[in-house]
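Please read the structure below before turning to the comments.
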Amino acid sequence: MTVYVPPSTGNIPMKKILIIEDETIISFGYRLQLERMGFDVIGTARSSEEAETQLASLEPDLIIMDIYLKGTKTGLELAQEIHAEHPIPILFLTASTKPEIISAIHALKDCQYLSKPINSDSLTDMLQRFLQGN
């Protein structure tokens, strides 16, 4: 019997990640990829309201979020609210290339983005930077 051992994240302890993505299949794909990389996906949310409910009880080390969500708020609005209470880094994974969206992401503290479709190597590099505090 072969036992799967996730790749090491170096000397950095496994981190807890919350995924906020309105497309279930995309969210599931992210979850699988992150778990294969050795991360602990502690929850997923499809809407801003689901995310707020989960954040009331979960303590993620990192949030991976889309810009466009189901619910009353965009990812940008939700990120502003999250950061008003908790200094959780956020990685936006978005298909949007609108300059105003990219500028808004850069204006938020502890937020970065990657463009969809996500390149596995780029995601790995970005996650390592977050984990190392850069």
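The values are calculated or read from the model by the stated rules, or taken from the named source; none is laboratory data. This one's a predicted model, so the numbers in the text were calculated from it and none came from an experiment. Using ideal geometry, Cβ is built from the backbone for each residue, glycine included, and neighbour counts are taken over all protein chains shown.
Tabulated data for the structure shown
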{"item": "Single condition Ala79 does not satisfy, out of (1) more than 20 Å from Thr53 (Cβ to Cβ); (2) in a helix (DSSP H, G or I)", "result": "(1)"}
{"item": "Residue that is modelled with the highest pLDDT, among those in region 94-107 that are part of a loop (DSSP other than H, G, I, E, B) and surrounded by fewer than 16 Cβ atoms within 10 Å (Cβ to Cβ)", "result": "Lys98"}
{"item": "Residue within region 69-84 that is within 16 Å of Leu34 (Cα to Cα) and touching a Lys or Arg at 6+ places or on another chain (Cβ under 7 Å) present", "result": "no"}
{"item": "Check on Ser57, of a type in the set (Gly, Ala, Ser) and free of Cβ contacts under 8 Å to residues at least 40 places away in the same chain", "result": "yes"}
{"item": "Single residue of region 53-76 satisfying the filter (in a helix (DSSP H, G or I) and not polar (S, T, N, Q)) that is modelled with the lowest pLDDT", "result": "Ala56"}
{"item": "Failed condition for Pro13, given (1) more than 24 Å from Leu131 (Cα to Cα); (2) at pLDDT below 90", "result": "(1)"}
{"item": "Any pair with Cβ under 9 angstrom, 6 or more apart, that starts in region 88-113 at a residue that is without any contact (Cβ under 8 Å) to a residue 40 or more places away in the chain and over 20 Å from Gln54 (Cβ atoms) and ends at one that is in a helix (DSSP H, G or I) and of a type in the set (D, E, K, R)", "result": "Gln112/Arg129"}
{"item": "Among (1) of a type outside the set (Lys, Arg); (2) buried (at least 18 other Cβ atoms within 10 Å of the Cβ); (3) assigned to a helix (DSSP H, G or I); (4) touching a residue at least 60 places away in the same chain (Cβ under 8 Å), the one test that Thr124 misses", "result": "(2)"}
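Each row is one residue, and each column tells you yes or no for (1) on the phi < 0 side of the Ramachandran plot; (2) in contact with a Ser or Thr (Cβ under 8 Å, 6 or more places away or on another chain); (3) not polar (S, T, N, Q).
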position	(1), (2), (3)
Ile20	yes, yes, yes
Glu23	yes, no, yes
Ser48	yes, yes, no
Leu78	yes, yes, yes
His86	yes, no, yes
